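Trainee: There's a structure below that I have some questions on.
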Amino acid sequence: MAVLLLTAPVASAEPVAAVDEKRGRLLYLQCRACHALQPGGAALAGPHLGGLLGREVASVPGFSYSAALRAQSFRWDRARLDRWLEASGSMVPGNSMAFAGITNAPDRAALIAYLAAATALPAIPAAPVVAPMASHPVP
Ligand code: HEC
């Protein structure tokens, strides 16, 4: 037990993951003008990416997707994101995302790693915030 605690400092996990995430964050600057990472921001040219991994394609309510993207039926996973970021136009011809693509595979992997973390939706608290606890009656 003590050994586990001693060997698990945050800094020890750094080398590879930290480099990837930094690179990914930098690459996201190419997307930022059009995509928010989380729901609820200002309307941009592209849909927000909140909860992207596992999300149904073309499913952000109120966003006006192209017919081409709406005609698709899949959930976003890492493999599909990789294809999309490399060449969205050949993956879904006729889509309306004006982006040239990222030809470098390690760059795409770094960006996807960053997006996986940055677009994860915050966990919803299990207990309602306003409900008083029955075991602690107000005096
Ligand atoms: C010039 C604006 C623009 C840029 C830059 C851009 N996108 Fe997009 N993106 C769009 C638009 C518009 C759509 C919707 C396409 C459609 O409806 O055919 C889209 C769609 C997407 C989707 C599908 C979303 C869904 O709800 O199914 C993903 C994922 C995505 N973009 C990721 C990215 C990433 C990551 C980058 C940066 C590398 C990026 N985009 C750069 C405008 C942009």
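Trainee: Can you spot a residue in segment 87-96 that is free of Cβ contacts under 8 Å to residues at least 40 places away in the same chain, outside any loop (DSSP other than H, G, I, E, B), near the ligand (Cβ under 9 Å from one of its atoms) and of a type outside the set (Val, Ile, Thr)?
Mentor: yes
Trainee: If you go through segment 108-127, how many residues are surrounded by 16 or more Cβ atoms within 10 Å (Cβ to Cβ), touching a residue at least 40 places away in the same chain (Cβ under 8 Å) and of a type outside the set (S, T, N, Q)?
Mentor: So the answer is 8.
Trainee: Among the residues of segment 49-65, what is the count of those that are near the ligand (Cβ under 8 Å from one of its atoms) and either within 14 Å of the chain's Cα centre (by Cα) or more than 25 Å from Thr103 (Cα to Cα) (or both)?
Mentor: The total comes to 9.
Trainee: Considering segment 118-139 alone, what residues qualify as being farther than 19 Å from Val60 by Cα and modelled with pLDDT of 95 or more?
Mentor: none
Trainee: Shifting gears a bit: Would you confirm, using the coordinates I've provided, whether Leu37 is at pLDDT 95 or above and in a helix (DSSP H, G or I)?
Mentor: No; evaluated as a whole, the condition is false for this residue.
Trainee: Of everything in segment 97-118, what is more than 19 Å from Ala33 (Cα to Cα) and not in a helix (DSSP H, G or I)? Give them in sequence order.
Mentor: Thr103, Asn104, listed by residue number.
Trainee: Same structure again: From Ala36, Ala68, grab the single residue that is over 23 Å from Ala105 (Cβ atoms), near the ligand (Cβ under 10 Å from one of its atoms) and either free of Cβ contacts under 8 Å to residues at least 40 places away in the same chain or touching a helix residue (DSSP H, G or I) at 6+ places or on another chain (Cβ under 6 Å) (or both).
Mentor: It is Ala68.
The values are calculated or read from the model by the stated rules, or taken from the named source; none is laboratory data. Note that the coordinates shown come from a computational prediction; the quantities given were computed from them, not determined experimentally. In this analysis, Cβ positions are derived from the backbone assuming ideal geometry, glycine residues included, and neighbour counts consider all displayed protein chains.
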